[in-house]
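Nothing in this text is a laboratory measurement; each read-out follows from the coordinates by a stated rule. Just so you know, these numbers come straight off a predicted model, no measurement behind them. In this analysis, Cβ positions are derived from the backbone assuming ideal geometry, glycine residues included, and neighbour counts consider all displayed protein chains.
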Amino acid sequence: MLKAAAESNEVLTVRLAPVGRETVQDRVYAELRRALIGGLFEPGQILTIRSLADALATSTMPVREAISRLITEKALEALPNRSARVPPVTPERMDDLLRARILIEGEAIALAAARMTPRAIASIENIIAEWDDVRALKHEKDVDREVTLNQSFHFEIYHACGSAVLMPVIESLWLQSGPCIRVAIYAFSEAGEVDTANYHRAIAAALTAGDGDAAREALVADISRPFAYLRSKLRAEAARRKDRS
């Protein structure tokens, strides 16, 4: 009987071990992906395998594999010494990302306009209300919360579009543009800008009315604004550096 129990335990261990390893790898990848999409890493930030493993309380192997996947997806750039970098912000990169986002996300929100339920509308309105509360506090540490709310607002809408093909494309674009959005929020805060929620209200109003064209137009205005602001800021900084040289 003991022998049978031992054999049974051995089989159970063999069955569970591969699942455990796969789960850690998937969770590490999902967490890093979430952080990039939410803009929790800054453009140009260097990420080492060891520091990420320590932060995630895991070994280096699943982190290494996750970084490799994210490099393949163009969300990170490979660096020597077992590290990677969040791509820096450049006007060319921003223009390219903006064009793609307007095309893909514009179509997604037009499709979503005819599919938004009262529950989905209430959800995005609650997100706007929470955004107002966060902005009223005017605390630097709330930037992380702002980028998370911004992502939640948009993806609540996109998930209603009904397209299994568009969603992975949108997620890939946000993987690449998330860090840019974070920089834009910082820049808007420095300038005292508080109109983000107003753009989201325009989107919500169009969706409530079921007007796909108006929703697309409001979305383009919303996502174009931070890219235009950053482009202007980068060019001004480049001009100042040129004057000093």
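For this structure, a couple of remarks:
- The set of residues from the range 90-100 being exposed (fewer than 14 other Cβ atoms within 10 Å of the Cβ) and under 17 Å from E171 (Cα atoms) comprises D96, R99.
- Of the residues making up the range 82-89, none is under 30 Å from D222 (Cβ atoms), surrounded by fewer than 16 Cβ atoms within 10 Å (Cβ to Cβ) and touching a helix residue (DSSP H, G or I) at 6+ places or on another chain (Cβ under 6 Å).
- The C-beta contact set for the range 198-212 (first residue over 19 Å from R225 (Cα atoms), second residue not in a helix (DSSP H, G or I), distance under 8 angstrom, 6+ apart or interchain) comprises L207/M116; T208/M116; G210/A114; G210/M116; G212/A114.
- Number of residues in the range 44-69 that are buried (at least 19 other Cβ atoms within 10 Å of the Cβ) and in a loop (DSSP other than H, G, I, E, B): the value is 0.
- Residue ID - farthest from the chain's Cα centre (by Cα), chosen from residues in the range 210-239 that are of a type in the set (K, R) and surrounded by 14 or more Cβ atoms within 10 Å (Cβ to Cβ): K233
- The residues listed here are E125, E130, E105; of these, the one that is in a helix (DSSP H, G or I) and under 20 Å from C180 (Cα atoms) is E105.
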